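None of the figures in this text is laboratory data; all of them are computed from the coordinates on show. The structure presented is a predicted model; accordingly, all values stated were derived computationally and were not measured. Because the Cβ atoms are built from the backbone with ideal geometry, glycine has one as well, and the counts that use them run over all protein chains shown.
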Amino acid sequence: MSNSEAGRSEGAHTAGIIRAQWVWFILLGIVLMAAGGVAIVLPVISTIAAGKILGTVLCLGGFVQIVQSSKIQNWLGFMWHLLLGIFAAIGGVLIYIDTHYGFIAITILIAIIFAVLGVSQIAFALKVRRMAAWYWFLVSGGIALLASVLLLMKLPYDQSFTPATVAGVSLLFTGWAYVAITLASLKVGPQR
């Protein structure tokens, strides 16, 4: 079997998994977009610390991703989803409970989390590049990497530009990537 045939076969298998579990992929996308919206809006309109909001948002998104990964255990992407979910949840807990190391350490931790998420999303996009809407994961990964760089470049922050705002934009695009690839897979149908 040639690389091209193997890639098409893997892409068809991935599309089939996404179609079979489409509700979970859409739910994950919606939760991530909602979490991104909360991360953007809440620090601006409330006195709740942006780090607490971001920690909570990452924990929630990570938990949903872990649950979603359990629904697709027979797929190569299972490990990717599980590890991303675990990494986001652990990062969220660390960000939420960290009071020792201060704001700069928390910001660096958030930047590292988003760098890892960005690289893994780009790797996933390249793996499923034969699927419709694969490029949304490429865009999402690029935005996560950009968010990581912005977090490190913009220390210290003002009220209009917080780590939660930057992370929220990244989460919005990640959520949309899940919704877009799921809708595209449903449109194609099982014949592909």
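Using the beta-carbon distance between residue 93 and residue 13 and R0 = 35 Å, what value does 1/(1 + (r/R0)^6) give for FRET efficiency, to the nearest 0.05? The calculated FRET efficiency here is 0.55. Model label sites at residue 152 and residue 78, defined 7 Å from Cα along the beta-carbon direction, differ in position by 3.5 nm.
In order along the stretch 128-134, the phi-based Karplus estimate (6.51 cos²θ - 1.76 cosθ + 1.60, θ = phi - 60°) of 3J(HN,Hα) comes to 10, 5, 7, 8, 5, 6, 4 Hz; Gly and Pro are listed as x. Taking amide H as placed 1.01 Å from N in the peptide plane, the amide H of residue 21 sits under 5 Å from none that are at least 5 places away or on another chain.
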